[in-house]
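Visitor: This is the structure, below, for whatever I ask next.
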Amino acid sequence: MGAGLSLGTVSCSDYLDTEPITDRPVEVSETPYTKASEAEDLMKTMYVGPGFGHSNYWQLDYFANGSMQTDEAYVSGDNQDNRQQAEYRILSTNGNVKRNWEAIYELINNCNKVLNFVDGIKDHALTAERKAEMKAEAAIVRALYYFHAVQLWGDVPLVTKSVTSVTSENFDEVYSQIYPARKTKEEVYSFIISDLEGALAAAPNASVSKYRATKGVAHALLAKVYATKPNPDYNKVIQHVDQLAGDYSLLPDYNQLFDGNHNANVESILEINSDASNIWWWGTGMFIGDGWQRFNLPTHDLVNAFNAQNDNIRKTNSIKFDIGVSDAYWTDKNNYPFAYKQRIQDGTQHIYILRYADLLLLKAEAKVKLGDFTGAAALVNQVRGRVSLNPITITSETDGINKILKERLLELAFEGQRWFDLKRTGKALEVIKARTDGKGNKLGYVNNLTEQRLLWPVPQSQLDKNPNLTQNPGY
């Protein structure tokens with residue numbers, strides 16, 4: 001199995017690492033878990049460690065991926081894997097791409113363990129209702145990771161089994177899970193929707209927790225999936241955002257979203273609960289602090305976008321000018337910009353995975369696509385009104401998409417959204433090819449971007465291990 005996809009962290013007795021795979025006996029069991037406490041531990045693994053506290057994916061890569069490939073952030077530092085990403089000259093041997101693939105499938109495997117094995121636990125302390133709830137939460141979280149994967153790579157394998165043993169009876173099924181072929185993005189999106197819609201009945205109510213996969217999380221993800229998939233369904237987007245209205249609203253003061261004193265607030269739909277214990281959030285130090293160039297260096301384009309709107313509230317919450325290091329983009333080391341959404345330094349920085357403003361603006365996007373320009377503008381103005389900005393009007397589909405994209409840039413800077421927004425709306429080539437260095441000079445690498453480069457390569461390490469995988473065009 002070591003030759004297949006990353007299947008997560010398991011003990012030595014849980015998997016084979018020799019070839020051919022029939023060389024060693026493997027204990028066969030209906031389920032490797034027998035106690036209610038073990039089921040609860042599986043849930044903790046899904047949410048805490050590695051889970052939402054994953055050492056690289058959540059604390060660094062997700063946010064770097066969403067920013068440094070866009071007009072939101074310059075690539076900074078001397079990491080060549082980052083530079084390949086940001087400059088659209090990525091190789092299939094890129095280390096970031098390799099570790100993101102492995103992380104996502106490790107996290108999917110954590111969900112699969114819950115979905116595959118909880119029903120087999122006979123411990124009476126684990127009720128049927130709790131089993132159903134666990135499986136619903138695992139399906140929602142698995143859908144979240146497949147949504148990330150399909151946006152990064154397009155066609156990806158669908159792995160639904162956590163393999164713990166190999167027998168002559170299950171060999172074919174095990175083989176297809178360890179050496180899976182890629183499924184089309186249409187199939188992947190259908191699978192994601194099936195996971196989310198199937199989970200709605202048993203998922204906990206939105207009021208239960210901001211740190212768990214609730215019905216609210218499922219509706220929010222369904223809205224984003226229906227907006228992003230091939231042949232989007234904008235009526236479904238609106239339908240699922242409307243399901244959120246009774247449980248979530250905009251926090252009245254934007255300043256409170258990131259101050260560390262208003263965690264799990266009314267706007268939060270899904271949040272990472274870093275507490276310096278179960279999850280120690282070291283990721284803050286990747287984006288702010290002196291001594292070396294930090295990731296997600298704010299661009300002049302972003303600063304100018306805030307200034308053009310006189311959007312001082314969101315600017316001061318998104319960018320901090322402080323003492324740093326001079327570079328080719330920002331030469332005054334005493335007035336150097338840092339991404340500032342993550343600012344809590346003691347390991348307790350909470351992170352939004354989903355928040356309501358994102359979904360309101362997505363609903364506005366759907367209304368524009370359906371020709372309801374007045375309704376779309378009203379939603380955008382709800383978000384703008386919170387930070388005391390003048391209302392906008394929308395006169396056409398192109399005008400609406402451009403204005404909503406600008407609003408999403410200002411509202412959601414450094415929250416992992418920008419690259420996926422540009423790709424979803426078909427604006428990536430137009431926006432990224434217009435990038436400059438702040439002096440009006442076009443960045444030298446912007447012409448590296450082609451339509452093919454909007455998908456990452458399948459990691460070469462995975463192609464070497466799995467003969468059933470294929471590479472994306474252009475790599």
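Visitor: What number results when the radius of gyration of region 232-345, computed over Cα atoms, is divided by 2.2 N^0.38 Å?
Guide: 1.30
Visitor: If you roll a 1.4 Å probe over the heavy atoms of the protein chains, what accessible area per residue do you get for region 365-461, in Å²?
Guide: For region 365-461, the solvent-accessible area averages 40 Å² per residue.
Visitor: Going by average Cβ density within 10 Å per residue, which order do the peptides 168-176, 38-46, 246-254 take, highest to lowest?
Guide: 38-46, 246-254, 168-176
Visitor: May I ask for the net charge around Gly438, where only other residues with Cβ less than 15 Å from the Cβ of Gly438 are counted and Lys, Arg are +1 while Asp, Glu are -1?
Guide: That works out to -3.
Visitor: How far is helix 373-386 tilted, in degrees, relative to the longest principal axis of the Cα atoms in the chain, given as a value from 0 to 90 rounded to the nearest 10?
Guide: That helix lies at roughly 80 degrees to the long axis.
Visitor: Please report the orientation-averaged projected area of region 313-396, defined via the convex hull of its C-alpha atoms, in nm². Before the final figure, lay out the partial values.
Guide: Working: hull surface 32.6 nm².
Seen from a random direction, the Cα hull of region 313-396 projects 8.2 nm² on average.
Visitor: Only Lys, Arg, Asp and Glu count, each charged at its Cβ (+1, +1, -1, -1), so figure out the dipole size of region 46-95 about its Cα centre, rounded to 20 debye. Provide the component values of the computation, followed by the final result.
Guide: Values: 2 positive and 6 negative charges, 26 e Å.
For this selection, approximately 120 debye.
Visitor: Under 11 Å from the Cβ of Ile238, count the other residues' Cβ atoms, weight Lys and Arg +1, Asp and Glu -1, and hand me the total. Working shown, then result.
Guide: Values: positive: Lys236, Lys363, Lys367, Lys369; negative: Asp233, Asp242, Glu365, Asp372.
So the surrounding residues net to 0.
Visitor: Continuing with this model, one more query. Just from its helices, what would the mean residue ellipticity at 222 nm be for the chain, if runs of 4 or more DSSP H residues each count -39500 (n - 2.57) and the sum is divided by every residue, rounded to the nearest 500 deg cm²/dmol?
Guide: -13000 deg cm²/dmol
Visitor: Amide H neighbours of Lys183 under 5 Å, counting only residues 5+ apart in sequence or on other chains, H built in-plane at 1.01 Å?
Guide: Under 5 Å from the amide H of Lys183: Val156, Leu158.
Visitor: Just add up the charged neighbours of Tyr57: K/R +1, D/E -1, any other residue whose Cβ is under 11 Å from the Cβ of Tyr57.
Guide: So the environment of Tyr57 carries a net charge of -2.
Visitor: Okay, moving on. Quick one: Cα centre-to-centre distance for region 406-475 and region 121-176, in angstrom?
Guide: 29 Å
Visitor: For helix 215-228, what angle does its Cα long axis make with the longest principal axis of the chain, in degrees from 0 to 90 and rounded to 10?
Guide: Long axis of 215-228 versus the principal axis of the chain: about 70 degrees.
Visitor: Counting only Cα, what are the radius of gyration and maximum Cα-Cα distance Dmax of region 180-239, in Å?
Guide: When restricted to the Cα atoms of region 180-239, Rg and Dmax are 12.7, 39 Å.
Visitor: Let me know the charge dipole size of the chain about its Cα centre in debye, to the nearest 20, where only the beta-carbon of Lys, Arg (+1) and Asp, Glu (-1) is charged.
Guide: On the way: 49 positive and 58 negative charges, 245 e Å.
Here the size comes out at about 1180 debye.
Visitor: As an exercise, identify the trypsin sites (Lys or Arg not before Pro) in region 95-164 lying in DSSP coil whose Cβ has no more than 16 other Cβ atoms within 10 Å.
Guide: Listed in order of number, the matching sites are Lys122.
Visitor: Next question. Would you mind checking the radius of gyration and Dmax of region 343-472 based on alpha-carbon positions, in Å?
Guide: According to the Cα coordinates of region 343-472, Rg and Dmax are 18.5, 57 Å.
Visitor: Something else: Could you list the chymotrypsin sites (Phe, Trp or Tyr not before Pro) in region 272-323 that lie in coil according to DSSP, counting only those with at most 12 other Cβ atoms within 10 Å of their Cβ?
Guide: Hits after loop and neighbour filter: Trp292.
Visitor: For region 184-302, just the Cα set please: Rg and Dmax, both in angstrom.
Guide: Just the Cα atoms of region 184-302 yield Rg and Dmax of 17.6, 50 Å.
Visitor: Explain nothing, just compute: Karplus ³J(HN,Hα) = 6.51 cos²θ - 1.76 cosθ + 1.60, θ = phi - 60°, for every residue of region 352-365 in order, whole Hz, x for Gly and Pro.
Guide: Whole-Hz 3J(HN,Hα) from phi for region 352-365: 7, 8, 9, 9, 5, 4, 4, 6, 4, 5, 5, 5, 4, 4.
Visitor: Continuing with this model, one more query. Based on alpha-carbon centroids, what's the gap between region 45-92 and region 189-258 in Å, whole number please?
Guide: 24 Å
Visitor: OK, next. Can you tell me the 0 to 90 degree angle between the C-alpha axis of helix 128-153 and the longest principal axis of the chain, rounded to 10?
Guide: Between the helix axis and the principal axis of the chain, the angle is about 60 degrees.
Visitor: Then there's this: Once the cut-off is 21 Å, how many percent of the Cα-Cα pairs in region 64-220 end up in the long-distance tail?
Guide: Values: 6887 of 12246 pairs.
Across region 64-220, Cα pairs with separations above 21 Å total 56 percent.
The values are calculated or read from the model by the stated rules, or taken from the named source; none is laboratory data. These figures come from a predicted structure and were not determined experimentally. Glycine also receives a Cβ, built like all others from the backbone with ideal geometry; neighbour counts cover every protein chain displayed. The protein model used for the area step is the full one, side chains on, heavy atoms only, and it has no ligands, DNA or RNA in it. Shrake-Rupley method; radii C 1.70, N 1.55, O 1.52, S 1.80 Å.
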